[in-house]
Every structure is written in structure tokens, then in C-alpha cells.
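The values are calculated or read from the model by the stated rules, or taken from the named source; none is laboratory data. Only a predicted model underlies this, so the values are computations on that prediction, with no experimental measurement involved. Positions of Cβ are backbone-derived with ideal geometry, glycine not excepted, and every protein chain shown enters the neighbour counts.
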Amino acid sequence: MSGERRRRPTRRRKKHAVSRSQRAELQFPVSRVDRLLREAPDVQRLSRDTSVFFTGVLEYLTANILELASKEALNQHRVLITPEHVERAVDNGPLSSIFKDDTHPRGDGMTSARK
């Protein structure tokens with residue numbers, strides 16, 4: 001016994017929980033998208049990766065739309081992005097083919113962008 005060391009039991013640190021959004025390096029909540037997808041009435045089976053992929057697509061489209069809307073606002077010498085800037089960016093930008101069948105009312109009471 002004199003030559004052997006007595007080892008103390010080491011305590012393992014508990015790993016902190018990492019959300020799926022953090023793992024995928026996304027800003028949008030993956031868990032919420034997963035819950036909303038599973039609540040859909042026609043969903044029977046869903047892979048674990050489906051919600052992560054779909055959240056990434058939503059985040060990518062949102063970022064592109066906001067980038068186009070910010071360019072539209074800068075063209076009009078504005079600092080804030082208004083709904084009209086987003087609408088013009090979607091209608092006139094490269095993403096217009098995605099939303100071409102979408103019908104949104106033009107006279108819904110929204111004020112036009114100030115000049």
C-alpha cells in the first residue's frame with residue numbers, strides 16, 4: 001500500500017444544456033418551429049432534422065428580405081424599414097418569383113411611405 005496512491009473520486013462537471021438553435025448556430029427558435037410543425041393536422045412523421053432545416057430556410061429568407069428592404073429604405077433616404085419597404089423589396093426583388101402567386105391586398109389601410 002505504501003507504493004500506491006489513493007485516488008480521489010473525480011467529480012464530473014455537468015454539461016449545461018445547449019439548445020438546438022445554438023447547436024445549429026441559428027437565431028430563430030428551432031424548438032418552436034418543431035412544435036408548430038408537429039401541431040399541424042396533416043403531419044404524421046417528422047424527422048429530428050426537419051425542424052432544424054426548415055428553421056434555417058426561414059432565417060435565410062427573412063435575412064434576404066430584410067436586406068432588400070434595407071436597401072429600398074436607403075434608396076429613399078430613410079433610416080427605418082417600413083412595411084412598404086418590405087413589400088417593395090418582395091415585389092421588385094429577386095425573391096418575387098417565390099411570392100408571385102401570393103395575393104396581398106393593396107388597399108388595406110396602410111399609409112404610403114412618406115417622402
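If you take the residues in region 66-89 that are touching a helix residue (DSSP H, G or I) at 6+ places or on another chain (Cβ under 6 Å) and part of a helix (DSSP H, G or I), which one is nearest to ARG35 (Cα to Cα)?
VAL86
When ALA17 is evaluated against the numbered criteria (1) over 11 Å from the mean Cα position of the chain (by Cα); (2) under 30 Å from ALA89 (Cβ atoms), which criterion, by number, is the only one it fails?
(2)
Give me the pairs: first residue in region 21-50 and closer than 21 Å to THR62 by Cβ, second residue assigned to a loop (DSSP other than H, G, I, E, B) and modelled with pLDDT under 90, beta-carbon distance under 8 Å, and six or more apart or on different chains, which are they?
Short answer, once both residue conditions are applied: LEU37/VAL43.
Tell me which residues, restricted to region 29-49, are surrounded by 15 or more Cβ atoms within 10 Å (Cβ to Cβ) and over 25 Å from VAL86 (Cβ atoms).
Going residue by residue through region 29-49, those that are surrounded by 15 or more Cβ atoms within 10 Å (Cβ to Cβ) are 29-30, 33-34.
Across region 29-49, the qualifying residue is only ASP34.
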